[in-house]
């Protein structure tokens with residue numbers, strides 16, 4: 001059950017945040033909120049935007065973007081509409097994956113879900129980053145996984161992994177999905193980024209990892225979490241509503257390797273008590289390591 005830990009500042013038209021707890025955790029210190037907005041990434045593109053139509057509570061909708069250019073990695077953002085005075089309109093991207101067809105065409109697929117309690121809709125924004133690094137993943141059997149690591153990371157960078165599948169047959173495409181990602185801090189201070197790719201198709205095929213990134217100065221404490229404990233944050237007045245957010249984490253040095261991962265994120269529209277409407281971004285993260293430690297949350301954005 002969510003409980004508010006600390007209101008950080010009075011709500012204004014500037015973007016503000018509040019930290020919430022999903023498990024027993026220490027309260028984190030507030031950052032300076034005045035005038036703070038999520039940094040916009042370089043070499044980014046808002047590829048397309050459209051409206052989902054009205055979806056019932058709990059309903060899902062699948063989308064596909066085809067003919068992907070080489071080197072592009074994608075992130076989907078949402079701007080829900082239709083909140084009531086008593087219920088928010090809340091949507092989540094539940095999964096995304098890449099497909100290669102026999103023709104060589106690369107496609108990006110994703111699913112959105114109305115995670116709220118009322119029927120409403122959302123604007124869907126598809127943004128892309130240009131990959132700054134790529135490497136071969138090798139062959140992966142159906143259901144198999146491969147985990148990659150990118151080390152010596154700057155402390156202010158959030159990463160976006162993508163995939164260029166290969167090996168489709170004339171009858172069956174190659175489908176690969178990034179199923180999880182997390183950040184670690186080694187005891188010597190080195191920061192690393194990990195992500196796992198799974199073959200979600202029906203044939204053995206290969207692929208190349210693509211890694212996009214963006215730096216940000218919008219950060220705050222994620223608190224101290226025990227192993228497997230989770231917490232979360234809400235970014236109020238997530239404006240402009242065309243911004244697509246990219247979360248990241250910067251674990252602190254601890255007695256052993258400190259590891260944090262973002263486990264889910266949501267966008268919601270709420271109607272305030274004064275009748276004004278605002279978009280909010282919610283992100284939840286977990287200590288996926290074996291030692292109690294702390295981290296800093298990074299909020300990047302893609303336009």
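I want to check the label-to-label distance for residue 169 and residue 271. Put each point 7 Å from Cα in the C-beta direction and report it in nm to one decimal.
5.5
Give the span of region 156-303's Cα atoms along each principal axis, as three whole-Å numbers ordered largest to smallest.
Sorted from largest, the Cα extents of region 156-303 read 58, 45, 25 Å.
Let a ≥ b ≥ c be the square roots of the eigenvalues of the Cα gyration tensor of region 134-211; is it rounded (a/c under 1.5), or, if not, prolate (a/b larger than b/c) or oblate?
Verdict is prolate for region 134-211.
Size of region 38-166 along its principal axes in angstrom, Cα-based, largest extent first?
Computed over region 38-166, the largest-to-smallest principal extents equal 50, 37, 25 Å.
Mind jotting down the three principal axis lengths of the chain based on Cα atoms? Whole angstrom, largest first.
Sorted largest first, the three principal extents are 58, 50, 34 Å.
Quick note: the coordinates plus some simple rules give every number you see, no bench work behind them. Fair warning: this is a prediction, and the values are worked out from it, not measured in the lab. Quick reminder, even Gly has a Cβ in these numbers, built from the backbone with ideal geometry, and neighbours come from all protein chains shown.
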